[in-house]
Structures are given as C-alpha cells and as structure tokens.
Amino acid sequence: MRAKADYSPSVTSVTRPPTWFTGAIANRPTTSTVDFESATISYLTWGEVDKPCLILLHGGAAHAQWWSFIAPQFTQKYFVIAPDLSGHGDSAHRDSYSMEQWSDEVMAVAAAANSQPQPIVVGHSMGGHVALAMAARHGHNLAGAIVLDSPVRAPDPESEEGQRGRMFKNPKVYPDLETAMEHFFLMPPQPCENTFIVEHIARNSLKETADGWTWKFDRNVFSPERYRDSDQNYIEHVTCRMALMHGQLSDLVTPEVQEHMEKLTGRAVPMVEIPQAYHHVPLDQPLALIAAVRAILADWQHSVDKKKLRDLV
C-alpha cells in the first residue's frame, strides 16, 4: 500500500528494530505454490501442519510479508498460512479479480497446504473484505473470521485510490532497489513510528525486471467489478464466528462506521479497538494486535459457537 504524503515514514532513516521483531523475521517461512483457476498462487507457512490453522490475509497492493513478523507469534498453537492473493506479491496476475474468486483462492491454498479443517481467517483492509466474503460463502468450513480495519460502507482505501487513477494507475520503474524503496509510502497516508517495519515491507514489495525495479502488485486489482456483491450483503450472511477490530486513530473505521457494522451484525460480535493505531494496525501496534487476536482465539477455543449450535438444533 503506497502513496505520497509529507508525513509518511521514510525508509531511508530506519529506527533500530527491537529483538522481538528481528527474532520473528529470522523465523523463515516455507514458500509454496498452488495452481488455482489458471493462476499460480504463492503462499507462506509457519509452524506444524497438524495444529489448528490460522490464515492471515494482506490488504490491497500489499503481500504476505506484511504478516512475516506477526505470524511466528502464533506458531506455538497454530499452523499459520499467509497467501499472496492473485495480483499481489509473488502470485500470478489475472485479467480480472473479484472477492468471490479471492475467497475461493484462499480455501484452495488451505487445502493445498494440507492444513487442519475449520481454519480461522484474519484479514486486514482489503483482506478483511475477502475474509467477509469467505465467512459468508465458506463459513461452514471456517472456525471464525477476524476483520481488521475494513470499513463495510465503502470500498477499501486502496480501491478508492485505484479507481481515482492517481497512485496506482502506472506503477513506475526505478534504476535500483534503494531508489525504489525511497518511493514507498503508505496508502492511505498516515504516520508510522515503526520505520523498521516499513523498511521491511517496502523491500518485499518490489521485484527486479529487465528495465529496473518496480512494484509487485497488478494495478488491475483495483477494478470496481470486485464489488458486484456488497460487503453489507456479506456481513449479513456470515455463517461462522466473527470479530471486528479497528485502529483507535483510523480515518476509515470511524465511530459512524463502527455503529453501522454493529447494527449489521445485530451487535452479536465483539468490536475491539487497538489503542494508538491508525489504519495500518499491523505496522502501528503489532504487539497490541497480537495480544488482541490471541484473546479472541482463546475465547473461541473455550466457548460455544452459537451459530453452528443453532444449525444443529
């Protein structure tokens, strides 16, 4: 996710990373691929496959490495998968994209990874919209979905920017990696004190071509056709457990949006606020996010899924 903004963090002046971060990224994932509907999908895995499965979904124009410093924090209890959705990261590009196809794609990745049944999915921004589509379309095969700073009443911020056609319309090519990284900015624009994380994300957002270095994402992922079915329809038809999370300082999941989402869910799901976080919660407050997700998972492990219980009655 990138955009020019005067207050966006610069990757040329990186703060010293703490030991929890360096330890996490030293835990190298296994990289695998699966072919799904004529596209090769790349995905990362951490941990032991015989443990319950946790799937982490990145936002628009992002990639699986956005989770590389968070995923290892869950491997004590979970087998963790982070896919590059088609059109992102190291996965193949398509002629067109949709939430339905991405949701099916993620289920195909879980099957290819031989993960345990009933995975839990966590999605940030556009990934949260994919998680909603999964919870509505594949909820009977999920143990739960956590939606992170994904406003239901409007497209995700990357798509809004993509449809306006400024930041993502013509991704540029740069002569070297360092020059390219200097042009990495967050979208939507926001401050971020953890510049060591931004540097890590930026480095993994680029690929070398015959002409130089450019961004991995496909600009066509921002096509408005992705929204043929509204998020409101998805959130009203979720068939598994769900939790909603947002950054305290997010400009997207505002109090008005929170109220709307709570109404759509019948106020039956937790709405968790991550303190001192903007939209990019995994970058702003990664440890607080990890703690919040762990708390939700622990509760789900020891409580009854009322939705599925009603289906059995």
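Annotations for the structure displayed:
Residues checked against (1) modelled with pLDDT of 95 or more; (2) closer than 24 Å to P171 by Cα:
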position: T209; (1), (2): no, yes
position: S230; (1), (2): no, no
position: M245; (1), (2): yes, no
position: Y278; (1), (2): yes, no
position: D284; (1), (2): yes, no
position: K307; (1), (2): no, no
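- Consider the range 55-90 and keep the residues that are in contact (Cβ under 8 Å) with a residue 60 or more places away in the chain and of a type in the set (V, I, T). The one that is surrounded by the fewest Cβ atoms within 10 Å (Cβ to Cβ) is I70.
- Selection count, the range 74-88, where residues are assigned to a loop (DSSP other than H, G, I, E, B) and closer than 17 Å to V130 by Cβ: 5
- Of all residues making up the range 99-134, the number that are closer than 17 Å to E236 by Cα and within 15 Å of the chain's Cα centre (by Cα): 9
- Every residue from the range 75-96 that is closer than 27 Å to R219 by Cβ and either of a type in the set (S, T, N, Q) or under 16 Å from the mean Cα position of the chain (by Cα) (or both): I81, A82, P83, D84, L85, S86, G87, H88, G89, D90, S91, S96
- Filtering the range 91-100 to residues that are assigned to a helix (DSSP H, G or I) and either crowded, with 19+ Cβ neighbours inside 10 Å or among the basic types (K, R) (or both) leaves only M99.
- Those residues of the range 271-288 which are part of a loop (DSSP other than H, G, I, E, B) and surrounded by fewer than 17 Cβ atoms within 10 Å (Cβ to Cβ), in sequence order: P275, Q276
The values are calculated or read from the model by the stated rules, or taken from the named source; none is laboratory data. Just so it is clear, the model here is predicted, and its values are computed rather than measured. Because the Cβ atoms are built from the backbone with ideal geometry, glycine has one as well, and the counts that use them run over all protein chains shown.
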